[in-house]
1. Quick one: which of Arg385, Arg370, Arg295 is charged (D, E, K, R) and in contact (Cβ under 8 Å) with a residue 12 or more places away in the chain?
2. Look through Asp113, Asp78, Asp90 and report the one residue that is at pLDDT 95 or above and within 30 Å of Ser211 (Cα to Cα).
3. Across region 217-249, which residue is surrounded by the most Cβ atoms within 10 Å (Cβ to Cβ) among those that are of a type in the set (S, T, N, Q) and part of a loop (DSSP other than H, G, I, E, B)?
4. Pick from Ile179, Ile157: which is among the aliphatic types (A, V, I, L, M), more than 13 Å from Asp207 (Cβ to Cβ) and not in a helix (DSSP H, G or I)?
5. Return a yes/no flag: does region 352-362 have any residue that is surrounded by 12 or more Cβ atoms within 10 Å (Cβ to Cβ), part of a loop (DSSP other than H, G, I, E, B) and β-branched (Val, Ile, Thr).
6. I'm trying to understand the selection: among the residues of region 131-154, which are surrounded by 17 or more Cβ atoms within 10 Å (Cβ to Cβ) and assigned to a loop (DSSP other than H, G, I, E, B)?
7. Being out of contact with any Pro (no Cβ under 8 Å at 6 or more places or on another chain), touching a residue at least 60 places away in the same chain (Cβ under 8 Å) and more than 26 Å from Gly238 (Cβ to Cβ) is the filter here, so list the residues in region 308-345 that pass it.
8. So the check is Cβ under 7 Å with 6+ separation or different chains; which pairs have a first residue in region 130-151 that's among the acidic types (Asp, Glu) and a second one that's buried (at least 17 other Cβ atoms within 10 Å of the Cβ)?
Amino acid sequence: MEDTSKPRRPLDGIRVLDFTRFLAGPYLTRALAVMGADVIKVERPPHGDEQRGHPHFLQGQSGYFLQQNHDKRGVCMDLKRPEGQAVARDLAAASDVVVENFRPGVMARMGLDYPALSALNPRLVYCSVSSFGQDGPYAQRPGYGIIADALSGALHITGFPDQPPPIIRMPVADTLTGIHGVAAVCAALYAREKTGEGQHIDIALLDCMFSLHEYAIQEYLLSGGEVEATRVGSGLPGSVPYGVFAGRDGCLVLGAPSDQNWAQVCRAMGRPELATDPRYASNAQRSRHRDEVYRLVQDWVMASPSIADALRRLEEAGAPCARVQTIREVVHDPQIAARGMIVEMEHPTAGKVRLPNLPFHFSKADVSPRRPAPLLGQHNHEVLREVLGYSEEQVASLKRAGVLYAASTT
């Protein structure tokens, strides 16, 4: 039964025209969609968003696409043709927000850049997502998340010093950029309420990854270049102990940067005297003797009968710790279930779909997913008739001309 005690979603009444593909842009617009915005995703014929070809597949549908595009309506039209560009301009005139993640200059060549669309709709908030931003010497370079990982220095400080840096197996650059875009779009919508005017937002993967540095950049700048972070393995150099420790049947992580936390770890290890040992009594001293501290903890973890036993002792002492979980384990974690972080929806061709949820929990709004990702061109007719008021003949004419496209299943 629907919970009617929760009122409208935060962004109900906001329409978003979504020209994005891959991940950063779709993640951004997905978040706006679950918060209530009417997101109209525009795809190009004949294959649509490149995500549609990305495994894993369920009944021919890409899980990658299903995850990042649920709660959106989908239209598919040829933006290289003047008729398609005209439809896009009409949609922009009827929208509050446009989000695009083409390389700088592409939207301008189609007459769909911010100057062109804001002339039609001065209240329009227009968000451009790109690898390097709209200006600067790298603006025209192609890029993906891994490029931002490398250029930002994130890869340089990840891994072990005697090995090449490993790739980051979660798309941090893309999702970080997406969520920064959500914040910027919401801020621009709030500003519009006071000024009556929209504005252009320029957000880049490289900028977002650079801003993520919590210590490496500032310590380099504040030291005049004398301190430069490097790869140090599975622990942080300035917070000791704070890292990954291997046991007989798995690994655990331990976060004990404060002296209180260190005392808790010492009690768990059965070595309370180490908490007051002058070599280890403060984080500054532990940092000077980092290798010794890590060796003490590592030896204790490995000597424990199991990771579960070591975790039990650490938890009883109050030390922050956790098992390094496999994907199977995290999917079945009771905390994940309690937080509603796996959602289920019914897709017209894939059937029952279970996917990771977004982490928004509002006390006065239900932001659980409402609809699955659209089939290619699924809402062509609905959007052009409902949003633009096009006649049946106008829609049919665009379809006959090949401007509108829909997958055969629709």
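The values are calculated or read from the model by the stated rules, or taken from the named source; none is laboratory data. Bear in mind that the values here come from a model prediction, so they are computed numbers and not experimental data. Backbone-built Cβ (ideal geometry, glycine too); neighbour counts: all protein chains shown.
1. Exactly one residue qualifies, and that residue is Arg370.
2. Details: Asp78 fails: within 30 Å of Ser211 (Cα to Cα); Asp90 fails: within 30 Å of Ser211 (Cα to Cα).
Being at pLDDT 95 or above and within 30 Å of Ser211 (Cα to Cα) holds for just one of Asp113, Asp78, Asp90, which is Asp113.
3. Ser239
4. Ile157
5. no
6. Hits for region 131-154 are Ser131, Phe132, Gly133, Gly143, Ser152, Gly153, Ala154.
7. Answer for region 308-345, where residues must be out of contact with any Pro (no Cβ under 8 Å at 6 or more places or on another chain), touching a residue at least 60 places away in the same chain (Cβ under 8 Å) and more than 26 Å from Gly238 (Cβ to Cβ): there is none.
8. Every condition considered, the pairs that remain are Asp149/Leu155; Asp149/Ala173; Asp149/Met209.
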